[in-house]
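Shown next, in structure tokens, is the structure this report addresses.
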Amino acid sequence: MKTLIIIKSLLTSLCQREERFPSIKMGLRGVFPSLAKRLGSRCHEVLQREAGRFFKNDALLMHSLLIFAFCIIVFTSCAPVYKANIDMTDSERIIWPGPPEKPRVKYLWSIYSLAPDMSFVDFLVGGGDPSDPKTSYSVLLPHSVYFEGERLYIADPGAMRVTVVNIKTMDVLQVGVSGKGELEYPIGVIADRVGNIYVTDSKLNKVFVYNKDGKFIGNFSNVDFQRPTGIAYDKERDIIYVVDTLDHKVYSAGSDGRVKMSFGKRGQGDGEFNYPTHIAVDRDGRVYISDSLNFRIQCFDREGKFIFKFGEIGSSYDRFTTPKGTALDSEGNIYVVDSGQENVKIFDRNGRLLLFFGENGTERGMFWIPSGIFIDRDDNIYVADAFNGRIQAFKFLK
């Protein structure tokens with residue numbers, strides 16, 4: 001509609017006197033509507049009406065307007081074309097710990113831009129509609145991240161969408177931007193064995209399900225979530241876990257979206273939660289939950305039985321200020337994003353601190369209020385660096 005307003009204002013500003021170019025007017029009656037049909041019937045009607053009121057000034061100005069309007073229609077009538085850009089600057093040069101210690105984690109790359117090649121019109125309007133974050137050509141406020149196959153999934157509540165990036169081709173799929181499956185505040189995202197995408201929306205209090213092409217399928221229907229946040233997938237057993245922060249519970253469901261069981265209640269005891277947020281599953285089916293306001297990580301078996309816990313509040317590196325995302329590498333080490341300390345902490349299977357990496361800042365390898373984390377089967381580590389508006393990738397070195 002914004003395109004129509006621009007064209008209409010240009011046309012009407014030149015329609016001040018009697019008609020002097022009837023042949024051109026008749027030509028435009030055909031040209032504008034035929035181009036506008038791609039925009040839908042409403043655009044067609046507006047341009048048909050405006051083309052019938054035409055020019056009173058000189059032919060050169062009229063021809064210029066025709067070319068300009070044609071370009072606007074051609075370039076802005078199409079859906080935005082997204083293409084991700086991986087920033088490889090400083091790749092593998094940033095390591096933890098530094099010499100002379102043996103490095104265990106190295107920085108790989110960052111993704112923040114979704115439009116490395118902008119058209120001229122995109123450049124003029126700043127890349128997408130500035131009043132609509134869903135059209136942004138950037139990662140805005142990533143909260144969580146997931147990786148499977150060649151696809152990187154980013155839950156971005158700042159852009160009110162899930163962005164799926166094919167790491168091989170850099171093609172981008174935007175999910176939940178319109179229609180029945182439109183998202184408002186996506187927090188968590190996973191994909192199942194067949195590529196279906198599951199998204200928790202903490203404002204709409206739903207778990208949305210889409211197919212691999214981003215088409216809306218439905219919702220988890222047999223539970224009323226109070227605020228669904230973290231989500232994790234046990235691929236071997238085809239189990240989906242959803243954290244309900246306000247209900248202080250974790251729900252277990254099948255890929256059909258039917259919730260089968262839940263565990264947890266509010267409290268400080270073993271197996272109890274105080275505003276849990278993020279969740280991860282290891283290769284043996286054990287479930288790890290960030291029990292945020294109890295400042296600890298709790299581990300359960302797949303039936304929800306408590307196994308162990310570690311962590312307490314504090315500003316030292318072996319304690320937590322704001323524990324958020326959690327993940328596990330191939331050796332069973334437990335990674336926890338501490339958003340308050342703006343780093344990632346690595347613990348062994350018994351909860352003993354091994355290493356931390358990152359610090360406050362905007363440079364590569366630094367974080368600004370990070371949140372989610374995911375580690376793939378090759379020990380690549382993906383961190384949602386929320387306030388820096390990017391996903392950073394690292395590698396665990398065995």
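The values are calculated or read from the model by the stated rules, or taken from the named source; none is laboratory data. Because the structure is a prediction, the values reported are computed rather than measured. A quick note on method: Cβ atoms are made from the backbone with ideal geometry, for glycine too, and the neighbour counts reach across all protein chains shown. Side chains are part of the model used for accessible areas, which takes the heavy atoms of the whole protein and leaves out ligands, DNA and RNA. Shrake-Rupley method; radii C 1.70, N 1.55, O 1.52, S 1.80 Å.
Things to note:
- Positions within the stretch 215-252 being in contact with a Leu (Cβ under 6 Å, 6 or more places away or on another chain) and under 14 Å from Pro186 (Cα atoms), in sequence order: Arg227
- Verdict on Asp270 being open to solvent by 80 Å² or more (accessible area, probe 1.4 Å) and not basic (Lys, Arg): yes
- Some residue of the stretch 295-303 being of a type in the set (Val, Ile, Thr) and either in a strand (DSSP E or B) or free of Cβ contacts under 8 Å to residues at least 24 places away in the same chain (or both): yes
- Screening Gly389 with (1) under 18 Å from the mean Cα position of the chain (by Cα); (2) surrounded by fewer than 17 Cβ atoms within 10 Å (Cβ to Cβ) gives one miss only, at (2).
- The stretch 306-320 residues that are touching a residue at least 40 places away in the same chain (Cβ under 8 Å), paired with ones that are β-branched (Val, Ile, Thr) (beta carbon under 7 Å, 6 or more apart): Lys309/Ile297; Phe310/Ile297; Gly311/Ile297
- Scan of the stretch 329-364 for residues that are buried (at least 20 other Cβ atoms within 10 Å of the Cβ) and among the small types (Gly, Ala, Ser), ordered by number: Ser339, Gly358
- Qualifying residue in the stretch 246-259 (condition: free of Cβ contacts under 8 Å to residues at least 60 places away in the same chain, in contact with a His (Cβ under 9 Å, 6 or more places away or on another chain), outside any strand (DSSP E or B) and closer than 27 Å to Val383 by Cβ): no
- Counting only residues that are assigned to a strand (DSSP E or B), open to solvent by 10 Å² or more (accessible area, probe 1.4 Å) and closer than 18 Å to Ser262 by Cα, the stretch 187-231 holds 4 of them.
- Any hit, the stretch 260-269, residues being in contact (Cβ under 8 Å) with a residue 12 or more places away in the chain, closer than 20 Å to Arg352 by Cβ and either among the acidic types (Asp, Glu) or part of a strand (DSSP E or B) (or both): no
- Residues within the stretch 349-378 that are part of a loop (DSSP other than H, G, I, E, B) and either in contact (Cβ under 8 Å) with a residue 60 or more places away in the chain or over 20 Å from Asp156 (Cα atoms) (or both), tallied: 15
- Checking Asn222 against (1) touching a strand residue (DSSP E or B) at 6+ places or on another chain (Cβ under 9 Å); (2) at pLDDT 95 or above, the condition it does not meet: (2)
- Against the test of being within 22 Å of Ile231 (Cβ to Cβ), out of contact with any helix residue (DSSP H, G or I) (no Cβ under 7 Å at 6 or more places or on another chain) and either polar (S, T, N, Q) or not in a loop (DSSP other than H, G, I, E, B) (or both), the options Ile391, Ile346 yield a single qualifying residue, Ile391.
- Looking at Ser330, Ser316, just one residue is within 16 Å of Leu353 (Cα to Cα) and either modelled with pLDDT under 95 or not in a strand (DSSP E or B) (or both), and that residue is Ser316.
- Within the stretch 283-292, being farther than 19 Å from Asp318 by Cβ and either touching a Phe, Trp or Tyr at 6+ places or on another chain (Cβ under 6 Å) or surrounded by fewer than 18 Cβ atoms within 10 Å (Cβ to Cβ) (or both) holds for Arg283, Asp284, Gly285, Val287.
- Residue check: Met170 meets all listed conditions (1) of a type outside the set (Val, Ile, Thr); (2) farther than 25 Å from Asp301 by Cβ; (3) open to solvent by 40 Å² or more (accessible area, probe 1.4 Å); (4) in contact (Cβ under 8 Å) with a residue 24 or more places away in the chain but one, namely (3).
To keep it simple, each residue is scored yes or no on (1) more than 26 Å from Pro97 (Cα to Cα); (2) in contact with a strand residue (DSSP E or B) (Cβ under 6 Å, 6 or more places away or on another chain).
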residue: Phe273; (1), (2): yes, yes
residue: Arg302; (1), (2): yes, no
residue: Ile313; (1), (2): no, no
residue: Arg319; (1), (2): no, no
residue: Thr326; (1), (2): no, yes
residue: Asp329; (1), (2): no, yes
residue: Asn333; (1), (2): no, yes
residue: Lys345; (1), (2): no, yes
residue: Arg352; (1), (2): no, no
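- Residue ID - nearest to Asp224 (Cα to Cα), chosen from residues in the stretch 242-258 that are open to solvent by 30 Å² or more (accessible area, probe 1.4 Å) and at pLDDT below 95: Arg258
The rows are residues; the columns are (1) of a type outside the set (Lys, Arg); (2) more than 26 Å from Thr229 (Cα to Cα); (3) touching an Asp or Glu at 6+ places or on another chain (Cβ under 9 Å); (4) modelled with pLDDT of 95 or more.
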position: Pro99; (1), (2), (3), (4): yes, yes, no, no
position: Ile111; (1), (2), (3), (4): yes, no, yes, yes
position: Asp129; (1), (2), (3), (4): yes, yes, no, no
position: Ser136; (1), (2), (3), (4): yes, no, yes, no
position: Leu141; (1), (2), (3), (4): yes, no, yes, yes
position: Val162; (1), (2), (3), (4): yes, no, yes, yes
